[in-house]
Amino acid sequence: MVFVKNSFSVQFSGISLAFGDRDILKNISLRLAAGSRSCLTGANGSGKSTLMKIIAGKTAADSGDRAIQKGTRISYLPQSGIVHRGKSLRDEAETAFHFIHVLIEQFEEIGALLEKTKADESSAKILIEEHHNLQEQIEASGYYRREAAISMVLTGLGFSLSDLDRDTGEFSGGWQMRIALAKVLLEKPDILLLDEPTNYLDIEARAWLEEWLNTFPGGYLLVSHDRYFLDMCVDEVYEIFNGNLKRYAGNYSAYEKVRQTELASLIKRYHEQQDEIIKTEALIRRFRYKASKAAFAQELIKRLEKMERVQIPESLKKINISFPPPPHSGNVALTLESIGKSYGERKVLSCLDLCIDSGERLVVAGVNGAGKSTLLRIIAGIDSNFTGTVKYGSGIKAGYFSQDAAETLDSNESIIEFMESQSPTALIPKLRDMLGAFLFRGDDVYKSVSVLSGGEKSRLALLKMFLKPMNLLVLDEPTNHLDLYSKDILLDALKKFTGTIIFVSHDRAFMETLSTKTLELRPATAAEPAAVKLYYGNYAYYLDKIGIKNEKLEMSCEERFTVEKQAGINSEERRLAEKQKQTVIRRLERQEKEILAVLEELNREKKHYEAELSRQEIYSNGEKARAVKEKIDMCITAIEEKNREWEMIAAKILPYYGQI
């Protein structure tokens with residue numbers, strides 16, 4: 001697809017929005033332009049989708065300015081809820097070019113006017129320029145090559161050429177969202193807004209979308225829970241935190257490193273402030289009703305009222321969850337012998353032999369349609385219509401999760417009541433934290449299970465499965481419908497799980513971190529039957545192996561030399577640049593360490609003087625109390641100054657994190 005670069009932009013300033021007494025967005029400013037590679041992050045419910053809708057013009061803000069450069073086109077993909085019917089897939093994709101039809105009509109109207117206008121008339125020159133500009137826009141849009149573009153985008157997103165003439169109403173919900181994604185990509189807007197575009201994409205489609213975005217000259221803003229996808233596609237991160245928006249340079253991993261340091265400082269300040277509040281409130285209670293100390297108590301009360309409270313959202317409070325310990329089992333968890341599976345004449349699995357040791361974490365990989373979910377259903381005993389034998393090892397107790405598990409939940413009980421009825425007694429006190437980790441927070445736990453959405457039921461079904469003692473987990477897309485925070489909690493729990501895990505996922509970071517072995521399924525083709533291959537390493541090892549096969553072994557030494565030369569690779573220059581970069585980083589980190597040491601000493605001094613102030617011989621003497629209070633205020637001022645210095649150093653280090 002050919003793109004034409006432009007300089008269109010959209011800018012927002014002072015955007016605020018409240019729902020009732022809750023401020024969702026507070027005085028937010030944001031600019032997107034050609035070349036913007038941005039993502040929007042924040043806790044679940046922080047307002048990411050709301051801000052996307054405001055940018056797209058779908059939702060009005062309570063206040064603020066929205067300035068869009070003339071001619072700028074914005075395309076928006078929501079998370080879900082789009083259904084197509086009544087047109088073939090090809091014709092539905094064609095509607096993405098509707099805006100070009102308007103330009104063609106204008107082009108033809110001006111052409112008709114030109115035929116009636118004499119060449120020497122003053123209006124002729126203006127009409128000719130407009131006619132020429134419209135012609136350039138139409139040609140640059142790819143309209144006359146739209147059939148090739150439609151085929152390229154649809155096949156890239158996983159549709160087959162035979163799907164092009166199918167009625168769109170025949171496609172399931174996930175494929176409906178792929179159609180919607182295809183349309184916004186074909187529109188080739190100036191600004192692209194994608195809210196969870198990877199939710200319904202497999203690995204191959206995600207990789208294709210990454211490549212597409214990396215060649216897109218317009219600007220885009222993404223919301224995604226796929227860490228690897230974000231690292232590949234963005235160079236700046238906007239975070240919504242307590243209603244405020246803050247920008248971080250670099251990819252998502254660079255943002256996480258800096259944010260982790262910031263949050264550690266925030267949590268530290270929060271606990272320090274809480275200690276200060278407790279001590280101050282104790283002093284107020286002690287002296288409030290003593291006439292001789294009433295003025296001092298009132299001063300403390302005013303100080304508390306003026307204090308800017310440090311807030312920590314519920315989603316940032318660290319939750320560690322663990323599952324019931326797995327029952328004891330033998331050394332072999334599972335043996336598959338000559339497994340075969342066909343759907344009509346199409347053979348999906350053929351002569352599959354596999355032995356899995358207890359404690360292994362096997363990820364099943366392969367292109368869409370290779371039989372990954374089919375294999376998991378066979379292993380879990382859900383599908384019995386196959387050839388061959390599945391043998392569980394001694395003492396194996398299996399649990400199975402798939403997206404279909406949501407359909408089995410149908411209860412009028414509240415979430416908390418339902419989970420308590422499913423939970424072992426020992427886990428009941430931990431259910432609130434576990435539900436919070438799976439995005440059921442606060443009053444959400446009192447919702448009826450029957451009114452939950454498909455995604456909510458899917459999360460609840462996954463948690464329900466983990467409540468039972470098992471030593472073999474068979475998981476088909478366990479991270480769908482989880483945000484990054486919840487994925488990390490789940491991943492930590494699965495890494496601590498000592499049983500066996502066999503799983504399928506489209507989240508590359510999750511696959512690489514959890515897996516210890518990789519089973520690749522290759523679908524049958526006209527030339528070759530379906531096949532399998534076991535790789536004795538995690539998913540990153542598997543990708544490295546197939547990368548060597550596809551790139552290095554098929555490329556001669558001379559070809560590799562030519563490619564490297566064309567790429568301008570100079571090892572000496574690279575080593576020198578790396579050395580200089582590390583020197584700067586070490587200097588900045590040394591300065592940061594010195595500042596943090598001073599901060600620690602200042603905080604110790606402050607606590608010492610606060611302890612002094614609580615002594616009777618000090619607080620009972622007005623002069624001594626004022627002197628100690630002055631020292632406390634001096635410590636607070638110095639701490640604030642050092643915090644500002646630390647923030648400046650952190651800002652200087654930030655650009656280097658994205659290069660490490």
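Out of curiosity, is residue 412 closer than 25 Å to residue 506 by Cβ, open to solvent by 10 Å² or more (accessible area, probe 1.4 Å) and of a type outside the set (D, E, K, R)? Write out each step before concluding.
Values: closer than 25 Å to residue 506 by Cβ: no; open to solvent by 10 Å² or more (accessible area, probe 1.4 Å): yes; of a type outside the set (D, E, K, R): yes.
Against the criterion (closer than 25 Å to residue 506 by Cβ, open to solvent by 10 Å² or more (accessible area, probe 1.4 Å) and of a type outside the set (D, E, K, R)), residue 412 does not qualify.
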Give the residues of the range 190-206 that are open to solvent by less than 10 Å² (accessible area, probe 1.4 Å) and among the hydrophobic types (A, V, I, L, M, F, W, C), sorted by residue number. 191, 192, 193, 194, 201, 205
Test residue 261 against the stated conditions and say whether it is crowded, with 18+ Cβ neighbours inside 10 Å, in contact (Cβ under 8 Å) with a residue 60 or more places away in the chain and polar (S, T, N, Q). no
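What strands (runs of 3 or more DSSP E), lying completely within the range 346-450, carry at least 3 residues that are within 26 Å of the chain's Cα centre (by Cα)? Give the steps one after another, and end with the answer.
Numbers: elements: 346-357, 361-365, 387-392, 398-401.
Hits in the range 346-450: 361-365.
Among 451, 367, which is the only one that is of a type in the set (A, V, I, L, M, F, W, C), farther than 20 Å from residue 502 by Cβ and open to solvent by 50 Å² or more (accessible area, probe 1.4 Å)? Step through it out loud before you land on a result.
Numbers: 367 fails: farther than 20 Å from residue 502 by Cβ.
Testing whether each residue is of a type in the set (A, V, I, L, M, F, W, C), farther than 20 Å from residue 502 by Cβ and open to solvent by 50 Å² or more (accessible area, probe 1.4 Å) leaves just 451.
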Subset of the range 329-345 [in a loop (DSSP other than H, G, I, E, B) and on the phi > 0 side of the Ramachandran plot]: 344
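Restricting to the range 51-93, name every residue that is under 30 Å from residue 127 (Cα atoms) and modelled with pLDDT of 90 or more.
Those that are under 30 Å from residue 127 (Cα atoms) and modelled with pLDDT of 90 or more: 74, 75.
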Six or more apart or on different chains, Cβ under 8 Å: which pairs go from a residue in the range 243-258 that's open to solvent by 60 Å² or more (accessible area, probe 1.4 Å) to one that's assigned to a strand (DSSP E or B)? Could you list them? 244/26; 244/27; 244/28; 246/238; 246/239; 247/236; 247/237; 247/238
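How many residues does the range 467-491 hold that are under 25 Å from residue 391 (Cβ atoms) and open to solvent by less than 10 Å² (accessible area, probe 1.4 Å)?
Filtering the range 467-491 for residues under 25 Å from residue 391 (Cβ atoms) gives 468-476, 478.
Checking the rest, the ones that are also open to solvent by less than 10 Å² (accessible area, probe 1.4 Å) come to 471-475, 478.
Matching residues across the range 467-491 total 6.
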Flagged in the range 412-429 as in contact (Cβ under 8 Å) with a residue 12 or more places away in the chain and within 16 Å of residue 460 (Cβ to Cβ), in numbering order, are 412, 413, 414, 415, 416, 418, 419, 422, 423, 427
Please state which one of 210, 187 is within 28 Å of residue 366 (Cβ to Cβ) and open to solvent by 10 Å² or more (accessible area, probe 1.4 Å). 210
Go through the residues of the range 148-163 one by one and say whether even a single one is surrounded by fewer than 16 Cβ atoms within 10 Å (Cβ to Cβ), touching a Ser or Thr at 6+ places or on another chain (Cβ under 7 Å) and not hydrophobic (A, V, I, L, M, F, W, C). no
Considering 67, 112, 124, which residue is open to solvent by 50 Å² or more (accessible area, probe 1.4 Å), free of Cβ contacts under 8 Å to residues at least 60 places away in the same chain and more than 19 Å from residue 184 (Cα to Cα)? 67
Within the range 451-503, residues outside any helix (DSSP H, G or I), among the aliphatic types (A, V, I, L, M) and under 19 Å from the mean Cα position of the chain (by Cα) come out as 482
Those residues of the range 375-391 which are over 11 Å from residue 336 (Cβ atoms) and surrounded by fewer than 22 Cβ atoms within 10 Å (Cβ to Cβ), in sequence order: 377, 380, 381, 382, 383, 384, 385, 387
Strands (runs of 3 or more DSSP E) wholly in the range 206-252 with at least 2 residues that are closer than 20 Å to residue 152 by Cβ - which ones? none
Filter the range 504-536 for residues that are under 26 Å from the mean Cα position of the chain (by Cα) and either open to solvent by 40 Å² or more (accessible area, probe 1.4 Å) or more than 19 Å from residue 377 (Cβ to Cβ) (or both) and give the result. 507, 508, 509, 510, 511, 512, 513, 514, 515, 516, 517, 518
Any residue at all in the range 223-237 that's closer than 30 Å to residue 596 by Cα and of a type in the set (A, V, I, L, M, F, W, C)? yes
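What number of residues within the range 213-233 are open to solvent by 10 Å² or more (accessible area, probe 1.4 Å) and under 20 Å from residue 43 (Cα atoms)?
Within the range 213-233, residues that are open to solvent by 10 Å² or more (accessible area, probe 1.4 Å) and under 20 Å from residue 43 (Cα atoms) number 4.
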Residues located in the range 170-187, provided they are at pLDDT below 90 and of a type in the set (Gly, Ala, Ser): 172, 173, 174
What number of residues within the range 83-105 satisfy the criterion of being open to solvent by 50 Å² or more (accessible area, probe 1.4 Å) and either touching a Cys at 6+ places or on another chain (Cβ under 7 Å) or assigned to a loop (DSSP other than H, G, I, E, B) (or both)? 4
Closer than 23 Å to residue 382 by Cα and either out of contact with any strand residue (DSSP E or B) (no Cβ under 7 Å at 6 or more places or on another chain) or of a type outside the set (Val, Ile, Thr) (or both): does that describe residue 435? no
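The values are calculated or read from the model by the stated rules, or taken from the named source; none is laboratory data. Just so you know, these numbers come straight off a predicted model, no measurement behind them. Don't worry about glycine lacking a Cβ; one is built from the backbone with ideal geometry, like all the others, and counts go over all protein chains shown. Calculation scope for accessible area: heavy atoms of the full protein, side chains included, ligands and nucleic acids excluded. Shrake-Rupley method; radii C 1.70, N 1.55, O 1.52, S 1.80 Å.
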